[in-house]
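Undergrad: Encoded as structure tokens, here's the structure I'll be asking about.
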Amino acid sequence: DGGITQSPKYLFRKEGQNVTLSCEQNLNHDAMYWYRQDPGQGLRLIYYSQIVNDFQKGDIAEGYSVSREKKESFPLTVTSAQKNPTAFYLCASSMLLHYYNEQFFGPGTRLTVL
Amino acid sequence: GQNIDQPTEMTATEGAIVQINCTYQTSGFNGLFWYQQHAGEAPTFLSYNVLDGLEEKGRFSSFLSRSKGYSYLLLKELQMKDSASYLCAVMIYNQGGKLIFGQGTELSVKP
């Protein structure tokens, strides 16, 4: 079955620690995205990548970092510089056709920083 | 700047029809998506509009007017399982397929 996996589903960390969220897709999609969702709010773009070894900042990149060493994988690191990291994190991927870009989402990781 | 507005919440009765509106002001519009998201789950695709008019898909329909910067999602024969958040998202031209999301509309379907 093709799809996007994120792990773990729930993650707890102490304040001041870096944490890496995993995102893997086997849909052969070129583009991958990371979003953050806070209660009662829409999705805000953190980082996105259109090809391997390249990525761009989204609207709220401060305190986050990413890498794209393989087409299938786009891990997100939440660093200690992120002031309010507790949130629901969603990874997505798409074929990135210039005229259409349906994004497929993973199940999400809920990060709680204590 | 980019701005997308949706009502925060709506309530409707099982079996009824509900219309969720979305207005947008963005640069480089290249299509509008509607997603459904149940609490704690991933958003799932419902519809896509790039040309003016109505797209119908079963109980769900979506309308777009590009000149007015306006879209709506119409849900017919409401079921309890339709209780969810509905997200409007605009695709921005020439920005790597970037989607700008509205805050979402929380729909509660009552018996």
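The values are calculated or read from the model by the stated rules, or taken from the named source; none is laboratory data. All figures in this text were calculated on a predicted structure; none of them were measured in a lab. We place every Cβ from the backbone using ideal geometry, glycine too, and count neighbours over all the protein chains shown. What goes into the accessible areas is simple: the full protein's heavy atoms, side chains included, and nothing from ligands, DNA or RNA. Shrake-Rupley method; radii C 1.70, N 1.55, O 1.52, S 1.80 Å.
Undergrad: Given points 7 Å out from each Cα along the Cα-Cβ axis, report the A:Ile51 to B:Thr23 separation in nanometres with one decimal.
TA: So the two model labels end up 4.1 nm from each other.
Undergrad: Moving on. Could you order B:His38, A:His29 so the one with the most accessible surface comes first? Probe is 1.4 Å.
TA: Details: B:His38 60, A:His29 10 Å².
Largest to smallest exposure gives the sequence B:His38, A:His29.
Undergrad: Moving to a separate point now. Which GluC sites (Glu not before Pro) in the range B:10-111 pass both tests, a DSSP loop state and at most 16 other beta-carbon atoms within 10 Å? Don't jump to the answer; show the numbers that get you there.
TA: Values: sites: B:Glu14, B:Glu41, B:Glu55, B:Glu56, B:Glu77, B:Glu106; in loops: B:Glu14, B:Glu41, B:Glu77.
Sparse-neighbourhood loop GluC sites (Glu not before Pro): B:Glu14, B:Glu41, B:Glu77.
Undergrad: In nanometres, what is the gap between the two model label sites at B:Tyr93 and A:Arg110, each 7 Å from Cα along Cα-to-Cβ?
TA: Taking the simple label geometry, B:Tyr93 and A:Arg110 are separated by 4.1 nm.
Undergrad: In debye, nearest 20, what is the charge dipole magnitude of the range A:2-56 about its Cα centre with +1 on Lys and Arg Cβ and -1 on Asp and Glu Cβ, if you could check? Intermediate results must be reported in sequence, preceding the final value.
TA: Details: 5 positive and 5 negative charges, 54 e Å.
The dipole of the range A:2-56 has a size of about 260 debye.
Undergrad: Another question about this same structure. Would you look at the GNM of chain B, springs on alpha carbons closer than 10 Å, and say which of B:Gly69, B:Gly53, B:Gly97 moves the most?
TA: Looking only at B:Gly69, B:Gly53, B:Gly97, the biggest GNM fluctuation is shown by B:Gly97.
Undergrad: Calculated FRET efficiency, B:Asp5 and A:Met95, Cβ-Cβ r, R0 25 Å, to nearest 0.05? Numbers along the way, then the final one.
TA: On the way: r = 29 Å, r/R0 = 1.15.
FRET efficiency, B:Asp5 to A:Met95: 0.30.
Undergrad: Roughly how many Å is it from the Cα centre of the range B:35-111 to that of the range A:39-105, as a whole number?
TA: 21 Å
Undergrad: Please name which of A:His29, A:Thr86, A:Gly3 has its Cα lying farthest along the dipole of the range A:1-106 towards the positive end, using unit charges on Cβ (Lys, Arg +1; Asp, Glu -1) and the Cα centre as origin.
TA: Comparing the listed Cα positions along the dipole, A:Thr86 ranks first.
Undergrad: Please give me, ordered by residue number, the trypsin sites (Lys or Arg not before Pro) of the range A:1-63 that lie in loop per DSSP and have at most 12 other Cβ atoms within 10 Å.
TA: On the way: sites: A:Lys9, A:Arg13, A:Lys14, A:Arg36, A:Arg44, A:Lys57; in loops: A:Lys9, A:Lys14.
Within the range A:1-63, the qualifying trypsin sites (Lys or Arg not before Pro) (loop, at most 12 other Cβ atoms within 10 Å) are A:Lys9, A:Lys14.
Undergrad: Report the calculated FRET efficiency for A:Glu15 and A:Glu102 (r = Cβ-Cβ distance, R0 = 41 Å), to the nearest 0.05. Don't skip to the answer; put the middle values down first.
TA: Working: r = 37 Å, r/R0 = 0.91.
Here the calculated transfer efficiency is 0.65.
Undergrad: Which pairs, out of A:Lys83/B:Lys98; B:Lys57/B:Lys110; A:Lys9/B:Lys98; A:Lys14/A:Lys70; B:Lys68/B:Lys110; A:Lys14/A:Lys83, put more than 21 Å between their alpha-carbon atoms? Let's see the in-between values first.
TA: Values: A:Lys83/B:Lys98 25 Å; B:Lys57/B:Lys110 23 Å; A:Lys9/B:Lys98 25 Å; A:Lys14/A:Lys70 29 Å; B:Lys68/B:Lys110 32 Å; A:Lys14/A:Lys83 13 Å.
In this structure, A:Lys83/B:Lys98; B:Lys57/B:Lys110; A:Lys9/B:Lys98; A:Lys14/A:Lys70; B:Lys68/B:Lys110 lie more than 21 Å apart at Cα.
Undergrad: Let me ask another. At R0 = 35 Å, how high is the FRET efficiency between A:Ala81 and B:Ser108 if r is their beta carbon distance? Nearest 0.05 is fine. If you can, show how the numbers build up before the last one.
TA: Values: r = 38 Å, r/R0 = 1.09.
Calculated value: 0.35.
Undergrad: Sort A:Met32, B:Met10, B:Met80, A:Met95 by accessible area with a 1.4 Å probe, largest first. Walk me through the intermediate numbers first.
TA: Working: A:Met32 0, B:Met10 50, B:Met80 80, A:Met95 115 Å².
Ranked list, largest accessible area first: A:Met95, B:Met80, B:Met10, A:Met32.
Undergrad: Oh, and also: Mind putting a number on the dipole of the protein assembly as shown about its Cα centre? Charges go on the C-beta only, +1 for Lys and Arg and -1 for Asp and Glu, and I need it in Debye to the nearest 20. Mind dumping the intermediate values first?
TA: Numbers: 19 positive and 21 negative charges, 71 e Å.
About 340 debye.
Undergrad: 7 Å from Cα along Cα→Cβ at both A:Ser22 and B:Ser65: what's the point-to-point distance in nm?
TA: In this crude label model, A:Ser22 to B:Ser65 measures out at 4.9 nm.
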